[in-house]
Amino acid sequence: MAFNPQFARLGEILVHVGYASNDQVKEALIKQNNFGLKIGETLLKLGYITEQQLLEALKMQLEIDIVDERELLDLDESVVALIPEPFAVENRVIAIRNNPDSITVAITDPDNIEILDSLKKIVNKRINTLLIGDSVLTDTLERYYKSIRTTSQVEDAVGGLDFVAVDEDENEISIGSSKEADAPVVKLVNLIITEAIKSNTTDIHIEPLSNKTRVRFRIDGVLREVMNPPLAMHPGIVSIIKVMSKLNIAERRLPQDGHISLRTSLKAVDVRVSITPTVTGEKVVMRLLDKGDFGFTLNTLGLDGENLEMFKHWIKRPYGIILVSGPTGSGKSTSLHAALKTIQDIETNIITVEDPVEYRLDGITQIEVKEKIGLTFGTAIRSVLRQDPDVVLIGEIRDQETADIAIKFSLTGHLVFSTLHANDAPSTITRMIDIGVAPYLVGSSLNLVMAQRLVRKVCPHCAASYTPTDEELRDAGISKEEAATIDFKKGVGCVHCENTGYAGRTAIFEMLEITPEIRQLIFEGANQDKIREAALRNKMQTLNASAIKKMKDGITSIQEVIKFTINE
């Protein structure tokens, strides 16, 4: 007798097509009551089948097509909005097409008559259904309903503040004192900040253009435009942010810097605010710093192989300086805090001096610089010596005074971590000398210099093989012969990565160990080219080589290699 999936149970279908075994289905039948899930969801939770296999089995059983994920990339927001967001999220459904007498929805449970009846009453039309996987639906719902919430009619879509601004004593700051803090503008500021926090934004840019305000979020190191409020709302937005930052509302001609501490239902966030006048009005840039638990380790940073072993070796030395260099936002502080977390123990007194304290580490003494009250880097660092430290982290070496103190610490038996702005590891050494530190002091104190950058990772959900152009190969420093042995990857764009092709970032590193040869070159005042030549002879892996290795492993793309490194 022929197998008819329409009259079979889902478990039988999965076994029939070879997606699951009889034993796996029996185990799932026993455990499904404990999980409170259906048989297919239970097999998925146990890891016996994939989401796509579950969808294909349901398609056979219910004779309902699976939604084309390419269609999900360009839905009409007015169609999506036909279903209220709370209903869509709770019942795992999204509207994708609006026809004259019906709507087509993608739903995870098309067999649920109760949901379909409720939908029919909401839209007053007949319902056509397509199957959709739960993870794809989650990303699609978040993408479209977030965009719906961020339209020019946002004041009607959200209400009340989802965060509380507090001062240094944890007292709530009222924003009602601003004359321009009317309801629509308050709600708009609320929306901008809460959406930024939800999307793991590092920086918010709010800038006036000739006919509108542009709001951009920096996500994974790249700015994305998220909304365009009316230009008439811009002064009110700036005023509210100034009130929360305790800045002068009346001053619109000079730059101002401020700080906001926020408490939200998601997490506590520190916000560094910079407001500067431009020819079209005041531009606001807000840097968001997560005050939650620090979750990075050396392994999750992107360090691997010999670089990881070298870094671990030097951070466990009793004295000397370890410098991390790179531009703003390249992950320098993250790497150093991960190092502190690695060496932290009950026998070691670790003290940091930072501006600002970006990550809170339990069990480590952290001092935040406050220039306004006279607590400068120099003042704070000098006081640290009286606190009996074993390890000191200096947030940044920005002048000769800070550099001199760091070197004195290292030469008196302390391990010192710090950062410096430089393009690569060899130029970090010459930058120290340019600041005004004598070459013999630099050579005597330095143990390790690490340059780093952050590159975006190819989205695993839409990664596809890619053939680079001759120009891309040339810019990356890859020969055609070598290229023939590499499986290049590039994200084509999907709902998981908001059609960018990238999801998350990883670091690339250039590790320069101060060997006797390098130390001698520093003593002699050699330039960075000679130091680089010696380091390469000692098999230093350059930033470009590090990026190419990650590209060969399928982690990043050739476009990121070209963007963030220079082919030597």
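Positive-end ranking of Val285, Leu188, Gly493 along the dipole of the chain, with charges on Cβ about the Cα centre, is headed by Val285.
Think of the stretch 369-434 as having a plus end and a minus end, set by charges on the Cβ of Lys, Arg, Asp and Glu; of Gln400, Ile381, Asn423, Ile381 sits farthest toward the positive end of this dipole. Classify the stretch 468-520 as rounded, prolate or oblate from the Cα gyration tensor: take a ≥ b ≥ c as the square roots of its eigenvalues, call it rounded if a/c is under 1.5, otherwise prolate when a/b beats b/c and oblate if not. Judged from the Cα gyration tensor, the stretch 468-520 comes out oblate (a/c at least 1.5, b/c at or above a/b). Over all pairs of different C-alpha atoms in the chain, the reciprocal of the mean inverse distance, the Kirkwood hydrodynamic radius, equals 27.4 Å. If you take the Cα centroid of the stretch 87-153 and the Cα centroid of the stretch 329-397, the two points sit 50 Å apart. By accessible area, using a 1.4 Å probe on protein heavy atoms only, the stretch 273-313 has 53% of its surface on carbon and sulfur. What does the charge add up to near Ile322, with Lys and Arg as +1, Asp and Glu as -1, over the other residues with Cβ less than 13 Å from its Cβ? Neighbourhood net charge equals +3. Solvent exposure of Thr328, expressed as accessible area, is near 100 Å², computed with a probe of 1.4 Å over the protein chains only. The residues neighbouring Ile346, those whose beta-carbon lies less than 15 Å from its own, together hold a net charge of -4 under the Lys/Arg +1, Asp/Glu -1 convention. Within the shell defined by Cβ-Cβ distances under 11 Å, the residues around His205 carry a net charge of +3, with Lys and Arg each +1 and Asp and Glu each -1. Averaged per residue, the chain has 48 square angstrom of accessible surface, using a 1.4 angstrom probe with ligands and nucleic acids left out. Counting only Cβ charges, +1 for Lys and Arg and -1 for Asp and Glu, the dipole size of the chain around its Cα centre is about 520 debye. For the peptides 452-465, 297-310, residues were scored by their other Cβ atoms within 10 Å and the scores averaged per peptide; the highest-first order is 452-465, 297-310.
The simple spin-label model puts a point 7 Å past each Cα toward its Cβ; for Asn112 and Lys267 those points are separated by 3.0 nm. Across the stretch 207-218, computed HN-Hα scalar couplings (Karplus, 6.51 cos²θ - 1.76 cosθ + 1.60, θ = phi - 60°) run 9, x, 9, 5, 9, 6, 9, 10, 10, 10, 10, 8 Hz from first to last residue, x flagging Gly and Pro.
The stretch 198-222 and the stretch 419-488 have Cα centres lying 27 Å from one another. Ordering Asn128, Pro110, Pro84 by Cα displacement along the dipole of the stretch 6-151 toward the positive end leaves Pro84 in first place; charges were set at the Cβ atoms of Lys, Arg (+1) and Asp, Glu (-1).
Highest mean packing first, where packing is the average number of other Cβ atoms within 10 Å per residue, the peptides 409-416, 124-131 line up as 409-416, 124-131. Per-residue ellipticity at 222 nm from helix content only, as computed over the chain with -39500 (n - 2.57) for each DSSP H run of at least four residues, stands at -11000 deg cm²/dmol.
Counting lysine pairs in the stretch 450-568 whose alpha carbons fall under 21 angstrom apart, excluding pairs fewer than 8 residues apart on the same chain, gives 27.
The values are calculated or read from the model by the stated rules, or taken from the named source; none is laboratory data. Computed from a predicted structure; not experimentally measured. Note: ideal-geometry Cβ built from the backbone for every residue, glycine included; neighbour counts use all protein chains shown. Accessible surface is based on the protein model in full, side chains and every heavy atom, while ligands, DNA and RNA are left aside. Shrake-Rupley method; radii C 1.70, N 1.55, O 1.52, S 1.80 Å.
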